[in-house]
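The values are calculated or read from the model by the stated rules, or taken from the named source; none is laboratory data. Only a predicted model underlies this, so the values are computations on that prediction, with no experimental measurement involved. When we count neighbours, we look across all protein chains shown, and the Cβ atoms used for this are built from the backbone with ideal geometry, even at glycine. With ligands, DNA and RNA removed, areas are computed over all heavy atoms of the protein, side chains included. Shrake-Rupley method; radii C 1.70, N 1.55, O 1.52, S 1.80 Å.
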Amino acid sequence: PRHKEGGGRQSILLLTGDGVGDFILMSPAIREIRRIYPDAFITLAINPNFLPVAETCPYVNDILVKQQGVLFAEPTLAIMPKLLKRRFDIAFSFKHFSDFSLIMYLSGAKSRIIHGFLNPKEDEMSDDVHTYFQNLATHVVPANKYGTRVVDVFLSVVDDTLHAPVSNRELEVWYTPADFTKAENFISNLPR
């Protein structure tokens, strides 16, 4: 659904991976969610190491930053009031981290969508733990259903759960005026 039952604006939580590379590879999925939900209030939960890039993203309304090196699940008391007051309708996890499943559940989101574990044995968790975390989701996109290219994996979350064909699979990178100035200065000092 694009609007809340009884009217109102959708509130969407997006959980990302740990690196700026994952965030850039996720750019088509973020853009597609904004296209499908043009009026939604979209909150992005990220690591501080790629905050400067995330702040330039034109598709999100708010950014929550987690503590460096701390799982979302650990500082529950600190982040829970911020999450719960949003009354999220949908939460998406584009990576298969177990703490993301838990924080989506604790956020109160009615729809909690995660990508299935690609290789549970690599994560050093038992099958029971993987099953537990996947059971916290309302929808699990099957692993490898859309291939193993990271962009396709991220877009599969949109394809599989929203039943909305992806209109544009191209990556995006967003820049600030300071980025352009730095690039121009660098280029102007290069020999021809």
Of the residues in the range 31-54, those that are touching a helix residue (DSSP H, G or I) at 6+ places or on another chain (Cβ under 9 Å), among the aliphatic types (A, V, I, L, M), assigned to a helix (DSSP H, G or I) and without any contact (Cβ under 8 Å) to a residue 40 or more places away in the chain come to Ala54
Between residues in the range 81-96 that are closer than 21 Å to Asp39 by Cα and residues that are surrounded by 21 or more Cβ atoms within 10 Å (Cβ to Cβ) and charged (D, E, K, R), which pairs lie under 7 Å by C-beta distance while being six or more apart or on different chains?
Ala91/Arg112
Is the range 159-173 home to any residue that is at pLDDT 75 or above, outside any helix (DSSP H, G or I), over 19 Å from Ser11 (Cβ atoms) and small (Gly, Ala, Ser)?
yes
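When you check Phe180 against the structure, is it open to solvent by 80 Å² or more (accessible area, probe 1.4 Å), of a type outside the set (Asp, Glu), modelled with pLDDT under 85 and assigned to a helix (DSSP H, G or I), yes or no?
yes
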For the range 55-149, which fully contained helices (runs of 4 or more DSSP H) count at least 3 residues that are modelled with pLDDT under 75, over 20 Å from Gly21 (Cα atoms) and not small (Gly, Ala, Ser)?
76-84, 127-135
So, in the range 37-51, of the ones that are open to solvent by less than 10 Å² (accessible area, probe 1.4 Å) and of a type in the set (A, V, I, L, M), which residue ends up farthest from Thr16 (Cα to Cα)?
Ala40
